[in-house]
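Structure first, commentary second.
The values are calculated or read from the model by the stated rules, or taken from the named source; none is laboratory data. Since the structure is predicted, the reported quantities are computational estimates derived from the model, not experimental observations. Positions of Cβ are generated from backbone atoms using ideal geometry, with glycine treated the same way; all protein chains shown enter the neighbour counts. Remember, those area values only see protein heavy atoms, side chains included, never the ligands or the DNA or RNA. Shrake-Rupley method; radii C 1.70, N 1.55, O 1.52, S 1.80 Å.
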Amino acid sequence: PMKVLSVGVLPLIFAYSFMAFPTTIVGLIGGANSSAYKWCQEYLSQGAWPYIVICALLIIAFAYFYTAITFNPQDIAKNVQQQGGHIQGIRPGQATVNFLQKTSTRLTLFAGIFLAILATIPSAIPRSLISIPFGASSIMIAVSVALETVRGVEAQLVMRNYKGFL
């Protein structure tokens with residue numbers, strides 16, 4: 001089984017760190033009164049459209065990067081074949097590797113776009129309209145903890161021969 005959102009919140013963390021870097025460096029070198037720092041504050045601060053677009057693209061790129069370094073379709077295909085398993089309709093070997101790679105690429109695109117939308121919604125809403133006291137990463141963490149709690153309770157209920165509550 002492959003997770004739809006296997007990258008978690010790491011692309012968000014990488015993208016936010018990458019976006020904070022120029023403003024921090026310019027502030028340290030040029031000071032808060034320099035024109036470069038003012039430009040960074042205007043165009044590379046949360047809520048600015050260039051920031052939102054660049055951050056969304058970075059999130060998608062980092063989702064692909066993180067998937068590329070953590071997901072190895074050749075190892076998974078080899079493990080499936082060694083355990084006597086197969087993917088229905090797919091030949092073992094290179095065809096399985098190609099199928100897993102293609103599926104991983106599609107899932108990563110979906111995950112990257114989902115994370116980019118989730119991350120840009122709080123930034124795109126004007127502060128005067130609504131004040132959101134939390135960011136996308138905190139939403140992701142809260143949801144994943146809630147889902148893991150439900151899975152844990154379901155596992156305990158199944159272990160004790162109860163039907164479940166969901």
**OP:** Filter the stretch 17-48 for residues that are in contact with a Ser or Thr (Cβ under 9 Å, 6 or more places away or on another chain), over 12 Å from Ala124 (Cα atoms) and touching a residue at least 40 places away in the same chain (Cβ under 8 Å) and give the result.
**Re:** none
**OP:** Scan the stretch 4-46 residue by residue and report those that are open to solvent by 40 Å² or more (accessible area, probe 1.4 Å) and at pLDDT below 80.
**Re:** Val4, Leu5, Gly30, Ala32, Gln46
**OP:** Grab the helices (runs of 4 or more DSSP H) fully contained in the stretch 49-148, keeping just those with 2 or more residues being closer than 17 Å to Met2 by Cα, among the hydrophobic types (A, V, I, L, M, F, W, C) and touching a residue at least 60 places away in the same chain (Cβ under 8 Å).
**Re:** 94-124
Original post:
Which one of the conditions (1) more than 23 Å from Ala15 (Cβ to Cβ); (2) of a type outside the set (Phe, Trp, Tyr); (3) at pLDDT below 85; (4) touching a helix residue (DSSP H, G or I) at 6+ places or on another chain (Cβ under 8 Å) does Ile76 fail to meet, given that it meets all the rest?
Top reply: (3)
